[in-house]
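Here, each number is a calculation from the coordinates, and none is a lab measurement. Just so it is clear, the model here is predicted, and its values are computed rather than measured. No Cβ is skipped: glycine too gets one built from the backbone with ideal geometry, and neighbour counts run over all protein chains shown.
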Amino acid sequence: MLSYRHAFHAGNHADVLKHLILVQLLRYMVQKDKPFLVVDTHAGAGGYSLESDYATKLGEFAGGIGRLWQRKDLPEAVAAYVDLVRRFNRNDRLRFYPGSPWISWQLLRPQDRMRVFELHSTDSPLLAKTLAEGKQQIQITAGDGFAGLRAALPPPSRRGLVLIDPSYELKSDYHDVVQAVQEGLVRFATGTFAIWYPLVAKVEAHRLPEKLAHLPAHRWLNVTLSVHKPANDGFGMAGSGMFIVNPPYTLETTLRETLPWLTQALAQDDHAQFTLEGGENPVPTARKARPDEYSLEATPPRQAPVGAKPGAPRRPPIHPFAFPGAKAEEGRGPKRPAAPGRSGAKPGTSEAKPRPRSQGPATNSRKKP
Ligand SMILES: C[S@@+](CC[C@H](N)C(=O)[O-])C[C@H]1O[C@@H](n2cnc3c(N)ncnc32)[C@H](O)[C@@H]1O
C-alpha cells in the first residue's frame, strides 16, 4: 500500500528543479513539427492546493515556488516555468501548484499525445479530473507506470519524452528506474528520458546516477541542486537531481546559465550548491544490450570526470564533456526567510501521513565535490 502523497511536497525546491527542466525539454520538443509522445510514469494528482492542510503542514512550497513567485529578476528559463504556475493560478496570488502532467499538457500541440500513470487510488481519480479537458490527447491509466512504459514505447512518431518521477517510497524503485530506462532505450534508443531522484543518505540514491550513466545512451546530463547541508543524522532531503538521457543539445547551456541564479534563490544555508555534468557515448545506441552487459547489480565504474584523478574505468564509452562538481561561487547564497505558509481550504480525502520522499540512515552520504 502506497502512503506517499505528493500534496505534502508540491511546489518545493525539488519540484522547482524538476518542472523547470521539464518545461525546457518540452520547449525543445515543440520546435519540430513532427508529433511527439510524453509519458509520465508517476504522475501524481496533476494539481495541488497550497492552502490545503497537506501543503501547509510542512510548508515546503515556501522554500520552492514561494521563493520565486514575487521575484522580478527571473532568468528566462525560470520565467518560462513560473509563467505556467501563474497560468494554473489564474491570478496573482499563489494558491495552487501544477503537477508534471498538467505542465506537459500545457505545452502539447494538437498533434502531440500524452500517456500518464498513477497507482495511488486517491490520486489517480484526482489526476483524471485535473486532465479531464485533455482527454482527446491524453490517455490516463490508474496503474503501474513502470509496466505501462514498456507498452508505450516506442511511440509511433519515434519522438518522445519520458518523465520518471517515483516517490522512492519503495527501495525497489531505484532498481526499477534503471531497468525501465535500460529497457526503454532498447525499444526507443533516441527517446529522451528524464529521471528525478532525491539527494539523500542512501546508497541506492547515491548509485542511481552512476548506474544511469552507464546505460547505452548516446548522451546524458546529470543535474543536482542542494539547498542546504545534509543533516548530520542522515535524515531528510538536502536536494535533488535530474538525470536526462538523450537531452537536447541546448539544455546544458541553459542550465549552466540558470543554475547559479536558481541555487542562490533557493539556498537555505551556505552549503547550497549545484552540479552539472554530462557524458557522450559513441557506441551505436540502436543495438540491443546483452543481458549481462549493463548489469544493475554490478555497474562498472564511471569514467573519471575531466580534471579528476584518473580512475580505472572498465568501459570507455562515456566521455564527460561538462564541468563536474561546480560548487559555484554564485551558487552560494545567504539564508533567506521562508515565506509564511497558508491555511484554509480543507484537504481532499486521505489518511496518509506526511512523508519525505525518501529518507534513511547515513549509510552512504552523497559526497559533495
Ligand atoms: C513524486 S510523485 C509524482 C509527482 C509528479 N510527477 C509531479 O511532478 O507533479 C510520485 C507519484 O507516483 C505514484 N506511484 C508510486 N508508485 C507508482 C507506480 N509504480 N506507478 C505509477 N505511479 C506510482 C505515487 O502515488 C505518487 O503520486
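Data overview
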{"quantity": "Some residue of the stretch 57-78 being among the polar types (S, T, N, Q) and within 16 Å of the ligand (Cβ to nearest atom)", "calculated": "no"}
{"quantity": "Test: residue in the stretch 280-287 that is more than 16 Å from the ligand (Cβ to nearest atom), surrounded by fewer than 23 Cβ atoms within 10 Å (Cβ to Cβ) and either within 15 Å of the chain's Cα centre (by Cα) or assigned to a strand (DSSP E or B) (or both)", "calculated": "yes"}
{"quantity": "Flag if Gly143 is near the ligand (Cβ under 9 Å from one of its atoms), more than 23 Å from Ser240 (Cα to Cα) and in contact with an Asp or Glu (Cβ under 9 Å, 6 or more places away or on another chain)", "calculated": "yes"}
{"quantity": "Selection from the stretch 150-186 of residues that are outside any helix (DSSP H, G or I) and crowded, with 23+ Cβ neighbours inside 10 Å", "calculated": "Gly160, Leu161, Val162, Leu163, Ile164, Asp165, Pro166, Tyr168"}
{"quantity": "Answer from Ser104, Ser124, Ser100 - the residue that is within 15 Å of the ligand (Cβ to nearest atom), closer than 25 Å to Gly59 by Cβ and polar (S, T, N, Q)", "calculated": "Ser100"}
{"quantity": "Filter result for Asp92 (out of contact with any Ser or Thr (no Cβ under 7 Å at 6 or more places or on another chain) and without any contact (Cβ under 8 Å) to a residue 60 or more places away in the chain)", "calculated": "yes"}
{"quantity": "Residue selected from the stretch 42-65 under the condition assigned to a loop (DSSP other than H, G, I, E, B) and touching a strand residue (DSSP E or B) at 6+ places or on another chain (Cβ under 8 Å), by the criterion surrounded by the most Cβ atoms within 10 Å (Cβ to Cβ)", "calculated": "Ala43"}
{"quantity": "Meets criteria (under 17 Å from Phe193 (Cα atoms) and within 12 Å of the ligand (Cβ to nearest atom)) for Ala151", "calculated": "no"}
{"quantity": "Breaking point among (1) closer than 27 Å to His206 by Cα; (2) assigned to a loop (DSSP other than H, G, I, E, B); (3) over 19 Å from the mean Cα position of the chain (by Cα), for Ala147", "calculated": "(2)"}
{"quantity": "Failed criterion for Glu118 (all others in (1) buried (at least 24 other Cβ atoms within 10 Å of the Cβ); (2) under 23 Å from His218 (Cβ atoms) hold)", "calculated": "(2)"}
{"quantity": "Sole residue being part of a strand (DSSP E or B) and within 19 Å of the chain's Cα centre (by Cα), chosen from Val39, Val23, Val78, Val85", "calculated": "Val39"}
